[in-house]
Each structure stands twice: as structure tokens, then as C-alpha cells.
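Enquirer: What follows is a single structure, and I will ask about it in a moment.
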Amino acid sequence: MAPNEVGEGTVEKQTLEVFRELLAELGSPRAAEGISMNSSLDRDLGLGSLERVELLVRLEFRFHTRFREEIAQQAETPSDWARAILDGYKSGSDAPKRGYRIVQPTREAPPPPDSARTLIEVLRRQAEIEPERVHIHLLEEDSGQDISYRQLFETASSVAWGLLARGLRPNETVALMLPTCADFFDAYFGILLAGGIPVPIYPPARPNQFEEYVRRQVGILRNAEVRFLISFDRVKAISEIMRVSIPSLVAATTVAALREGASRGAPAVEPAEIATLQYTSGSTGDPKGVVLTHANLLANIRGIGWAVKVRPTDIGVSWLPLYHDMGLIGSWLFCLYYAVPITILSPLAFLSRPERWLWALSNSKSTLCPAPNFAYELCARKIPDSALEGSAGGGQLDLSPWRVAINAGEPVLPDTLAHFAQRFAKYGFHAESFVPCYGLAESSVALAFPPTNRRPVIDSIRRQEFQSEGRAIPVPRTRHDPKAIRFVANGKPLPGHEIRIVDEEGELVDERVQGRLFFRGPSMTSGYYGNLKATAEIMTEEGWMDSGDLAYWAKGEIFVTGRRKDCIIKSGRNIVPQEVESATADVAGVRRGCIAAFGSVDAATGTERMVVVAETRATARNDILRIEAAVVKGVDDRLGIPPDKVVLVPPHSIPKTSSGKIRRNETRILYESGQLRAGKRPPWVQLLRLWLGNLGNWTRLKVRHAASWIRREYQNAALSMTAAVSGLFVRLMPGKKAAARLAQIASRLALALTGQRVKVMGTEAIPLGKPAVLMANRAGALDPLVLAASLPAPFLIADSSVLSKLPRELRFMFRPLVVQPLQRNGVPPGGTLRERVREALGSGFAIVAFADAPPGTPPQASGFRLDAIDAAARASAPIVPVGLRGTESVFGAHRHPGGAPHAEVLVGGVIRPEVNGHRALTESRQRIREAIVRLCEKEN
Amino acid sequence: MTDIAEVFHQNELFLTGANGFLGKVLLGTLLDRYPGFAHLHILVRPRRGLLACDRFFSEVLGSPPLVPIVEKITAQRGKDFLREKITVWSGDVGEPNLGLDASAAERLRGRVGAVINSAGLVEFFPPVDASFRSNVDGVEHVVAFAKGAGAKLVHVSTCYVCGTRDGLVEETEPILGFYPRRKGLEDTSFNHAEEIRYVRALIRQIHDSSLRLRSGSPTLTGAEARTGVAASGAENGTSRELAERLVTLGKHRAASWGWVNTYTYTKSLGEQIIAAAESLDYAIVRPAIVESALRFPFPGWIEGGRTATPLVLMALDGMKEWPVREDTPLEVVPVDLVASAILMVTALLLDSRSERLYQLGSADVNPIHLGPLVSLLSEQSRKREYNNHARTAVPYVVRKLTGAPSDSRVRFVTAEELRPRRERLQKRIGRAEDILAATRRMLAVARLPGTSSLAGWSTTLRTLGLQASFRDQTLDQYLPFVLHYRYIFESENIRAAFALISENDRKLVPWDPERIEWKDYWVNHQVRGIQKWIQPETARNWTVRV
């Protein structure tokens, strides 16, 4: 068909034709009949991610065109597709021009940073020795960009400064709601460099799932107590809703906003011990935040590196989502650690054109790449041959360098391995490259690895004994048993890690007996963030952790068989739900991949019933009955036991995790509460409902803001007025003593007016009316004010540098209290500090000498000048150490909910400095410093 | 009381770094004030085809500050006096055993009382291996040499090893295990030996990988490889890349512990090597910013662009907006006071009465704050009409482009305020250049006159742009730590030392920063010295290198 001659009507007609064909093949002819240009792909036609890919391929074939990749996941109606097709013609899109090429590194990777203790050290070292080496080739639609170590380090540093400027404090959490893009990497390390803890969550994908999305994420972010949310512009509406529903959240922002401002190198902040909170996409229960420290991650990365025998010439590829452990740790951070260049494409890019993944592998000559089982399945089944034949830039698809093809993240199916190896052998893929391994977020990411360069080992076992007794009896090789269950070997635990398989009583089981998989080792999490109960449930006293999975040992390797909670116990047999689901999937009319099998306890009989929930597009009564019968038969044939209940539901009724796994437990809860059939509402209704639901929160937040604004303005006004007016009078006072007294009264008044409380202890040690030197640390900018308000006697201030951090009016009030310059001509003008303090002490004043350090410096790290000590020694005046605490919270902008802040002034016992010589002075200083440190550390 | 003349009469001295700014003044002070010294050994690196000995007599003794002293001393004590009392050793602190052969080391054993190590690389961001060679390996070799010769060691370091700091830096802070972000004495995360080993390994790696790249040359095709030009181009590219990687490595290592530059980081490593050395009697002298002479050899003597030079040049250039804190004191010490202090410390060390650490600052007794200082300098610039010579067009253009009248008062702004204005200036210059270029093209096409005068204009604009970017660079890269942080270096030990020497010595080697009239010093010594002794190009080169 000649593209430019096509009319709009023709395109629409043909588009609908393609839809009808597909729907008919998918077993929902009724949907096909009722289709219109405005039918919803989700609600009316029930087309999920995979069907959309199919649709894309077919429409491209029919119209000889290429679509933008987002269209596959974003199009809502057939008319969206038609528009995309017409747009494509207008812009004359043929094969797109590839402007971006992945350039091979010129150098081998440097040796790994074995001594690094944090990810920050790792990045810093790579930026030190190989600043310009390309770390990430980030593939975008038709272009791409290179990110070097130096670039990543520098942008991350500016993000860190942005977070610090907005008030992020050490060990606070920051949520990352970003798709795969350069911002993600900058933000992740920016948070680490600022001393915070990144909490990656998955970004909202499709508008019609907003409601469930927000509900789930709000749960996570509340549990994580996040202070900031870093998102992107397109999801403003959602981040705004989240902002009002999460009490701890200070602001929702973007990387671009955070990067504004100076680039000043990396900030000097101690990194948090925790490197990441990984909220499990696990299908059971409320989200749990797996706490992963830098040590956990590095141990795991080093373990994987050992297992795959990483080489300095390796090259990686990943399309895995970065908010998930496999994409974050197993792919990106792993490659960062070993300085392996990694090509990253977005999950969306992969889902809409799986062949892009293979081309990325081929173009980058990749040697390492992980993916879950379904990705291999998708490639084996869905990619048209034409997409594999030569690229626009010339050259054949070449998978021969690919030496480690990790298959993990979900159960590994032997059939998938066979299909994939068979189809891609002619492109150079070796079956020996498959590395089917096992891991879980609680063990950072990986736990068990088989040896590399080995064909996957597949264990065929007898169904009867396995289901009834949990014994894995191998089927003799010579006999073919169609009912046999097959499992893939997952190898041995990583070095330093241990796995044991135990029965329900906690006793070790024999080889080839299924039991619960427990593990321990350096990658193991210390527990779930803020969830002691859930942590206690999976930890044993000996430091073992329950993986929640079932497995058996055979031939020195582990074979993981499934999730324990998902296991259905029926008539004394243990049934693996995947088995039931795969039997159901073969029934015509059932949506593949949208089936959940689970056990549901029947309250009446007390026994567990096997329930199969399956999505179907069929709506006619007859079709439904036919499919139900077929499912019962199919399961019975395969497993020898029929399901008690088959529930057929419309598409998108079964909840899934962010990575597309079935949430069986939630399906069970929905089933038991009878809510399974609730349909999806249009996006705007969802948004509206969310807004209304959050109206209360929103109002509360605004009121709180308004209240704190009023309070702040009042406090500032009261403080400034008091200080300005008193300042005038202080200056008019005839003598220094009277001036100091007045300033003292004014300080008390200011604190009283603004409702600030100061706790004072031990002031009886201060000699009244006699010369004395008070030495204090710097806790906050307002130290002079707090001290003036709380001490019994008026005092002068030794050094004017303490005034520089005060607000203008306060500086005005306190300026007359600084010891006077000497009335003499000479150099330096007004005499040295030592001479001035000596003079003032001689006239009988009490003098406060603050540490010469910025506010907030701990006393052990503050410098104390010897001048006041020397003056006190010569005048035989006592020195009184004063510890200040919490003065930074007086009028502080940051207020943590609960407990009014109050400053503390703690006065210690008198110290008499020694008089003989220079060294005695420094020794006295040490004694004073120690006294102040003790005061500041004193328990209440 | 320690009698310095007596101590030096009994002990021979060994000096490194004599050809530096400080080294020359130190040598001059010794020759002039204590000509009765026993013997002086000087380590000089042969360079530019000159033997060490010739280099010393021509470059060092022939330099402006030393010529009058040498003349005086030869007149008083005869022609051969210097050749008899001074032995020049050809060597290099970067080499093991200071590059001396075994017989030389044998001859020196037991003769030298104290080694004064004032050699060092004062470049702020050099390739880290160069910095290590002088400031780390050099110190290791000097320590080994001093121990072998049975001598004590006076080492010249810098106050800024403390890293970014706001407030007082105490002299009692332990040297070993120090890094700027240290959280207290129980924080032992920094170990200098480990750090040195680690960085040396990284340096080796970088060199190796660059060698591998060169020998493998995977980027060159056969045709390119045959032509020599392409090959040498690639070679140059690699060595430049190699240097850049080494510079980055230094920056990163320094920054990761909290030092502001590679210089202070390696200097601190050097100090820690000395502090960790067993059975070595030592004193470390840490001057703050060493600037022009107060009295000796003559007021205003200065050499090489020093740290405060760009500050002076920018102020004299008529800079009005300063991104600095007014109340920050500038920690400057005149070079002759530093030389006095070093001789004093050496004598006390030989007399076993010294402390371990001496900071040489002035702000703890006699601070000069940046606010008054900058105003003073800018007043000078107005008085001298410094910026009016022979470029009348430029101030006019500047005024038009920046919108700031050049006779306005000095203002203190934050760096954040200044940045957009600077960017705007650069953008305006760029735009003006574009317009000029376009006009020139149009004139050329239309064959109208005036292209040549416009060419002159665009040169002026380019110069202006370069000047502005020089200013930006200076402000961005190097002044921050001097100007943004309020450093006060406690200098109690040197004051105590001054009290320990005899009345007569106090006149010969004075330490009296409390008596400096800063206004007079800056106007009459520092500014004049810079104008007289430093070519603006040198200063500029120096800053760009920084």
C-alpha cells in the first residue's frame, strides 16, 4: 500500500480489522464484534502488555510503518493507534536513523575496588582512576547517551547539594519515583552522597491504574517515612497527591530542580549505613522494606562477581527496571563496581520491542546480561523473524559473545530455556551461557549460582511422590513420563553464604526431600524497615532467615520449587500453584499469564479448597461454562486432582506486582471478600476519587503550613522588635554592667514572648559579682541570646566573631557587650584580644568566651582560644565551663513532630587555670574542653 | 636563654629548597645575621644544563635579594668565605637518598646538626605523582637522610593542611591520623601509610593502563599507524589524558578526606610521615600565606605569583563586587618573619627546647579583615588610575555591558548573587562578538570600509571575555578556601619560642606580627612589590595553573 495515498477512513477500518483478527485468535469473538474506535483497550477489550506488543507487530506489518515505542503501552483506544499510524505517514517514518552508536571501551576495566566499604567509595574510585571511561550507554528511543564516571559523580554531587540545601539530614529517606533515565542514576548517588537513604519505587505506568498505584505507594512511603520524593514532571498530579498523604514528606521535587545551584564537589557528609530500602514486590502481604546496607550490597556484588568469574573485558546490558533489586543491584551497581560498561534500556522499550534487547546485546558485544524467565519466553515466541534480520546499520544479530545469560527473578521453566536456545542458536547463542540462579531481595539480590559455562541441569521427578510426600524421586532417563515435574538446578550458595533446607519442625531434611529454604550470610538483610513484627517472623535465633521458598537438595545443588505460602495443600498433597496455572493456561479462551491458583480455607469444613481464578474475555454464558469445564478437566488431567472452584473474571481483575508477577495472596483476599469482580474506572474518576479521599489530608497540611508560617512570622517580629528597642536602651546605659543587665532582661523577655523554653542547670557555680571567665561551646547561632537569658549574672562577650551569625537586630543589641578596645595608640589598634580580656577582667566583669568554631561543632572538635584562659590565670579568676545543647532548635525552621524543642544550658564546676607558662595553659584548656564535653553528653 | 649564634656556631646545617622564595630569604637571613655559622650544606638540583654548584651561585646568590648581602659579606670576610662555609650538593629530594651517592652520604654522617627541609611543590592541582614526588616521597627521603646522618629535622609545611575550617585551628591538635573531617581523637579511619600505599598503587595502575593503550593502539588503523604524524598525535593525546587522570586522582583523594587541594593533602601526608618516624627529633613549621617582605632583605621583596597576588591584581583592575565575607581575616605573614621563625625553631630544636609544631599566623593577635582590605586596595586602584592606561574603550564597554559604573563603591555579595551576573556578562560579550562578526561580514560583502576598525573592536571584546573568565576561574577555583572560610591559626608556640631566645637574638630574628601596620604593609610593600617584582603574566600563569 502506498502510504501517502491512504485516507483516514481506510486506516481506521484496517486498524479495526487487525484488532478483530487478534481478538478472535485470543478467544474473545464477542469483544471483537462489539469493538469501536473508542473501545478501551483495557476495559472493553482486555488487552494486556503482551497483547499490546503483538498488536504493535501486526499493525506495523500491515501498514509498513514503525511506531514510537511508548504507543504500545500508552494507547488507550484503537483511535489512538490510528492516529499514530497517520502521524507516522505524515512524518514519513521509515526505518529510523540510528544516530547513536555504542563504542567499545579502549581499555580493560581496572581491578575492582576490593577495599571499598561503601558504594560512594566505589564510585569515587572509578571517577578517580578512570574518570572518562563510559559507565553507562543509556539507550533512548532512537538515540542514546554515554555517561562517564566523572559525569555521574559530578551531577550526583550537585543533586546532593540540592538535597542538603532543602534540609535533608543524615539517615533520612528519599523516595525515587523515576523511570529508567539518566536522572535516576544521578538521584540515587545524590541521595547517598547527601547522607540519605534512597527508596526506589516504581513509577506510575498507565493512567488507568492510578488508584491502586497511589494506594500501594502511599503505604510504602509512609512506612519508609520519606522526607523527599524525587519524581519527574509528567507525574506532577500524582506526586502532589502523595505529598499530601504522607505526613513525613517535606517536598516533592525533580532532579533538574535539585541540580540548580553551585557545583562544589562532593559534600562532606558521612554516608548512611543503609544503602537502599528495597520494597519487595513479593506477592504476599503489605509492602516490606528490606534494609540493605552498603556492606550487604558489596558482599553480594562481590559474590556474583566470583560466581560469574567477571573479566576486565566484560560488557553488560540490562533492560530491567531500576527500582527492582535485579536491575538496581544485580545489573547497574554490579557493573559500576567492576567498571563493566553497561548498556541500559528501559523496560518499556523492551516490552514494546523485545528485539531491541537482543540488538543491544549484539551491538555492544555484551557478555553479561540478566533477565527473568518471561523475557526469554517473550523473545522465543513473539519476535518476528524480520526483526532479527540485519539492522539498519548493517551487520547480523550476533549473540555469540554472550557468555552469562542469567535467568532469575521468577521460577525458571525448562521449556523456556529450550525454546530460546533453539531459536537463537543460529545467532550464535550457546545453551551453556544460561545461568539459572536463585535470589531474593532479603539476600540483596542473589543467593545461589550454578557454575558458568554449563548447560542447565534439569531434574525430572515423579509427580505422585513429590506432591504427596514432598520427595523428589528422579524419573529414569530412559523412560518418558508425561506427568513428571521438572525443575532447573540453581547451583550452590555464593561464597560466605549458607543455605539449609529444613522441615516444619526446623530439622534438616535429607537429600531430595522438599523443605523450607533458610539462609544466612553477609548479603543478608538485617530486617524490614520499621517492621519488627515481620522481621521477627523470618529470623531465627541462630541468625538464619526464612526465604519463604521451598526447595530440595540434589547432587550438591539446590532446586527451588516454589513459594511456601502459595503452596496449596489439598487431600494431603502439596500442590505447586504454577503447575495448576500452567495447566489452566492451555485452555482456549483463558488469558495466558493472568491466572492465579491458591488454597482458600473453607470456614465450614475447615479444609483447604483449591481455587483457580482466571481472566477471560469471554462474556457469553455458554462460553463461560465451557471454559470452566475445560479448566477443571485440564487441571485434573495434569495433576490428577480437580480444582474445587473455578472463577472466571474479566481482564485486569487479578492484581499483579510491579514486575508483572501474580499477587496470589491478594487475589485470595479479594476472592474471599467477594471483591474480585470490581472493574476498573476511567483515569479521571480515579484521580478525582484520590483527590477527594485526600482532601482531609490536604486541608490539614495547608492549615499546618499556615499555622507554622504565622508562628514563624510572629516569633521573628517579636524577637526583632525586642532586640531593636532594647538595643537602643542598651547603648544609652551609662555603664557596661547596667548595659549587660538590660540585655539580659531583654533576652529573657524575647524568649518569653516567643514561648521558647530553656532548661538551666548548675548556675550556682557561677560566682556573682566577681570577675570570672565562662567558656562555652557553640550549639546554635542564638547561643549568646540563650546564655544571656539563662545566666544569673550579666556578662561581657570576649570576641565579636560570635555575633556574625546573629540576626541584625540581635547583633545591634549585643554589640555593646563585646569587651572594649583599649584606649591607646599603637599596633594593633585597640590591643590584642588577650590584652582586652585582661583589662575587662581587671575591671571586675564576668566574661563569656565562646569556642571559635561554627555553631553546631561538637566541643571536642572546637577550637578554644587561649587568650581568655591566660587572662583568667593572670587575674586569678575562676573559669566556669558551660555546655550548650539544643540552641539550634530555638526558632528552628525544622521541627520534628512531637515534643517541643528546648535548649539546655548546663553549667559545670569551677576550674582554676594554672599560671606557670605556655604549656600549663594548653593543659588547662584540655581540662576545660573535657569538662564541656562531659556537660554536653550528660544524660537528662 | 638560647643563644642562636652559639648554637649555629656549633652545629652544621643542611638546607633543601634554597632556590625557592622562602629558601632564598632564609639563606639571606642566616648569612646576614649569623655569619659565624659553622657550615652550611645546600642540596640543589642541577637543571637546564647547569651544574648544581653553578646554579646555586648564579641563580640563588645572584638573585636581587641576595646580591647586596653577598657583596657585604665578601667585603667584610674575603672572597673565599662563602665557598669555604657553604658546600653545594647536587641532588634531588625526589630521589632515594636525596640523589646523593654513597660516599657523599658517608661524608655527611655525624656532621650535620639539623636538616631544614623547605623543598616542596606549591602547585595546588598538579598531577598527583608530581605532588607525591616532592611532598611525600621527598619527605620520606629527607627523614631517612636525617636519621642516617644523625641529624634533627625542621620541616616547612603549611597551615592550610587543616583543610576547610571555620574558626580557630589549635596547635595542640595531633598530627598523626589527622584528616580534615576527623570527628575526634577516637576516629582512626585515616592512616597515612595506608593512604600512601593506596594512591601509589592507583598511580601505577594509571601509568600501566596508559602504557597498555599506547602499545596496543587499538584505535589506530593500519594507514594511520604508517603515518608518523597521526601516531605522535595519539601519543600526545595519551600523555595529556594521562596527566589529566593524575590531576583528577589528586583532586578526588584530597576531596574525599576533606582537603581543599592536592597540595595541602600531600603536605599533610608529609607531616604525618615525620610524626610517625621513630627516633627522629623534629619540629614542623607551618606558615600561613607567605607574602612580601616586611623589612628584610628590603621591604616589598616578593617573587613568583604568590597566593594573594590575584587578589591584589583583581582589586587594582577595578573589581567592585567581591564574593567574600567582610569579617574574614586574611592570614598573611611576611616572608622575613617566616625566615626568622624557622631559624629560631632550628636553634631551639638543636638546643632541645622546642615544641613539635609551630603555626606561623598573624590573625590571632593582629587580624586584617577582608572588608577593609578590599576597600583599601580598590581605593589604591582609583588613586593610581591603574586601569586607565591606554585602553579607554575597554572601561566604557565594561560599563555598558555590566551596567556597573567603575567608580562605584566596593560591594560584598554572595557567590550565588554574583554567578548569574557573571554569566550574563559572558553572554553579552558573546552576543556583542556575534553582532560584530555579522556586521563585518556584511561590510565585507558590500565592500564598505570599516572592517579593520571593527576587527580591533572584536579583539578588545575577546580580551574582555578572557579577563572576565580569568576572574571567574580565580574566584571559583582557588580563592574560595582563602576567602570563604574564617581561618584563625593559633600561633602561641612561636610566641613562646620568641620568649626563650636572648635579647640580642630577638632583634636579629624578630617575630612580631602584632606590630605590623597592615595598611602600610599592603599599600607600600605588597602592592608595590607585586608591581615591581611580578610581571602580570607570571601571576596570571600561576593562577591558571592553580
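The values are calculated or read from the model by the stated rules, or taken from the named source; none is laboratory data. Note that this is a predicted model, so its numbers are computed, not measured. All Cβ positions, glycine included, derive from the backbone under ideal geometry; neighbour counts span all protein chains shown. Each accessible area value is taken on the protein alone, full model and side chains, heavy atoms only, with ligands, DNA and RNA left out. Shrake-Rupley method; radii C 1.70, N 1.55, O 1.52, S 1.80 Å.
Enquirer: Taking 21 Å as the cut-off for C-alpha to C-alpha distance, list the pairs among B:K383/B:K532; A:K737/A:K770; B:K267/B:K532 that go past it.
Expert: Numbers: B:K383/B:K532 18 Å; A:K737/A:K770 12 Å; B:K267/B:K532 31 Å.
Exceeds cut-off: B:K267/B:K532.
Enquirer: Continuing with the same structure: Against the longest principal axis of chain A, how steep is helix A:736-753, in degrees 0 to 90 to the nearest 10, with axes from Cα atoms?
Expert: On a 0 to 90 degree scale, this one is about 30.
Enquirer: Report, for chain B, the % of DSSP beta bridges that are antiparallel, rounded to 5. Walk me through the intermediate numbers first.
Expert: Numbers: 2 of 37 bridges.
Around 5 percent of the beta bridges assigned by DSSP in chain B are antiparallel ones.
Enquirer: At 7 Å along Cα-to-Cβ for each site, give me the label-to-label distance between B:K183 and A:R704 in nm.
Expert: About 2.9 nm separates the two model spin labels.
Enquirer: Which whole-number value in Å² is the accessible area per residue of chain B, probe 1.4 Å? Working shown, then result.
Expert: Working: 23020 Å² over 546 residues.
Value for chain B: 42 Å² per residue.
Enquirer: Could you work out [θ]222 nm for chain B from helices alone, using -39500 (n - 2.57) per DSSP H run of at least four and dividing by all its residues? Round to the nearest 500 deg cm²/dmol.
Expert: Values: 23 runs with 279 residues, N = 546.
Estimated from H runs of four or more residues: -16000 deg cm²/dmol.
Enquirer: Could I ask something else about it? Suppose accessible area is computed on protein heavy atoms with a 1.4 Å probe; arrange A:S386, B:S354, A:S400 from highest to lowest.
Expert: On the way: A:S386 90, B:S354 25, A:S400 50 Å².
Ranked list, largest accessible area first: A:S386, A:S400, B:S354.
Enquirer: Mind jotting down the distance between the C-alpha centroids of the range B:17-61 and the range A:870-886, whole Å?
Expert: 49 Å
Enquirer: Do the sum for chain A: with -39,500 (n - 2.57) for every DSSP H run of n ≥ 4, divided by all residues, what is the mean residue ellipticity at 222 nm, to the nearest 500 deg cm²/dmol? Present the calculation step by step, with values, prior to reporting the outcome.
Expert: Values: 30 runs with 355 residues, N = 940.
The per-residue figure over chain A is -11500 deg cm²/dmol.
Enquirer: What ranking of B:Y198, A:Y149 comes out by heavy-atom accessible area, probe 1.4 Å, highest first? Numbers along the way, then the final one.
Expert: On the way: B:Y198 60, A:Y149 0 Å².
Result of the area sort, largest leading: B:Y198, A:Y149.
Enquirer: If ligands, DNA and RNA are left out, what is the accessible area of A:W81 with a 1.4 Å probe, given in Å² to the nearest 10?
Expert: Its accessible surface works out to 0 Å², give or take rounding.
Enquirer: Once both axes come from the Cα atoms, what is the angle between helix A:354-363 and the longest principal axis of chain A, in degrees from 0 to 90, rounded to 10?
Expert: 70 degrees
Enquirer: Counting Lys and Arg as +1 and Asp and Glu as -1, what is the net charge of the other residues whose Cβ lies under 12 Å from the Cβ of B:K427?
Expert: Values: positive: B:R421, B:R422, B:R424, B:R428, B:R431; negative: B:E423, B:E433, B:D434.
That works out to +2.
Enquirer: Restricting to bridges with both residues inside chain A, how much of the DSSP beta-bridge set is antiparallel, in percent to the nearest 5? Before the final figure, lay out each step's value.
Expert: On the way: 54 of 101 bridges.
Given both bridge residues lie in chain A, the antiparallel proportion sits at roughly 55 percent.
Enquirer: What number comes out for accessible area per residue over chain A if the probe is 1.4 Å? Units Å², please. Display every interim value, and only then the final one.
Expert: Numbers: 38850 Å² over 940 residues.
Here the per-residue accessible area is 41 Å².
Enquirer: Could you pull out the chymotrypsin sites (Phe, Trp or Tyr not before Pro) across the range A:823-887 that fall in loop regions by DSSP (anything but H, G, I, E, B) with no more than 16 other Cβ atoms inside 10 Å? Present the calculation step by step, with values, prior to reporting the outcome.
Expert: Working: sites: A:F845, A:F850, A:F864; in loops: A:F845, A:F864.
Within the range A:823-887, no chymotrypsin sites (Phe, Trp or Tyr not before Pro) qualify (loop, at most 16 other Cβ atoms within 10 Å).
Enquirer: I've got another one for you. In degrees between 0 and 90, to the nearest 10, how far off the longest principal axis of chain A does helix A:210-224 point, with axes built from Cα atoms?
Expert: It is inclined by approximately 40 degrees.
Enquirer: Restricting the count to DSSP beta bridges whose residues both fall in the range A:119-365, what percent are antiparallel, rounded to a multiple of 5? Working shown, then result.
Expert: Values: 10 of 28 bridges.
So the antiparallel bridges amount to about 35 percent of the total.
Enquirer: Using the alpha-carbon centroid of each, what span in Å lies between the range A:591-655 and the range B:293-340?
Expert: A separation of 86 Å, based on Cα centres.
Enquirer: Can you sort A:M326, B:M442, A:M761 by 1.4 Å-probe accessible area, starting with the largest?
Expert: Working: A:M326 20, B:M442 130, A:M761 75 Å².
Order by accessible area, largest first: B:M442, A:M761, A:M326.
Enquirer: Summing +1 for each Lys or Arg and -1 for each Asp or Glu, what net charge is found among the other residues whose Cβ lies under 11 Å from the Cβ of A:R885?
Expert: Details: positive: A:K759, A:K938; negative: A:D783, A:E888, A:E904, A:E937.
Local net charge: -2.
Enquirer: So, counting K/R as plus one and D/E as minus one, what does the shell of residues with Cβ under 15 Å around A:G428 add up to? Mind dumping the intermediate values first?
Expert: Working: positive: A:K365, A:R403, A:R423, A:K426; negative: A:E389, A:D398, A:E432.
Around A:G428, the charge tally is +1.
Enquirer: Another question, then. Sort the following peptides by mean Cβ neighbour count (other Cβ atoms within 10 Å, averaged over residues), highest first: A:35-42, B:511-518.
Expert: Numbers: A:35-42: 16.2, B:511-518: 19.1.
Output ranking for A:35-42, B:511-518: B:511-518, A:35-42.
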